[in-house]
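Everything below concerns the one structure shown next.
No lab work stands behind these numbers, since they all come straight from the coordinates. Because the structure is predicted, anything quoted here is derived from the model rather than measured. As a convention, Cβ positions derive from the backbone with ideal geometry for all residues, glycine included, and neighbour counts pool all protein chains shown.
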Amino acid sequence: MNLITLTFEVAVEKQAEFIGKIEAYREYWDEKDCVLSLFRDATHKNRFIQMFLTEKGVDDFTALIHSDSGAKIMFDEIKQAAGHIVVSCMERVV
């Protein structure tokens, strides 16, 4: 099992629309065998971590973003709202 995270910041005035767009993709990611979660930092309200719990490795996940139109659109919307994104992949060890 892998945990793939996207860390980024979204201005407060853009968050309501942004969160709605991310929520709309939840079923899409379920179909791709990825459990989607979105968290906002409680102390820095503009910082978000989007997490995908999946059996896919980072290479498969990256290929999905580049090749699947739905995944690419969602990732592009994050880039548009956030600008800079940090992607991490953690593998389960215990």
GNM result for the chain, Cα springs below 10 Å: residue of HIS44, HIS84, HIS66 fluctuating most strongly: HIS44
Simple label model, 7 Å out from Cα along Cβ direction - VAL58 to ALA42, nm: 2.9 nm
Label-point separation in nm, VAL93 to ILE73, each point 7 Å along Cα→Cβ: 3.9 nm
Global size of the chain as Cα Rg and Dmax, reported in angstrom: 12.9, 40
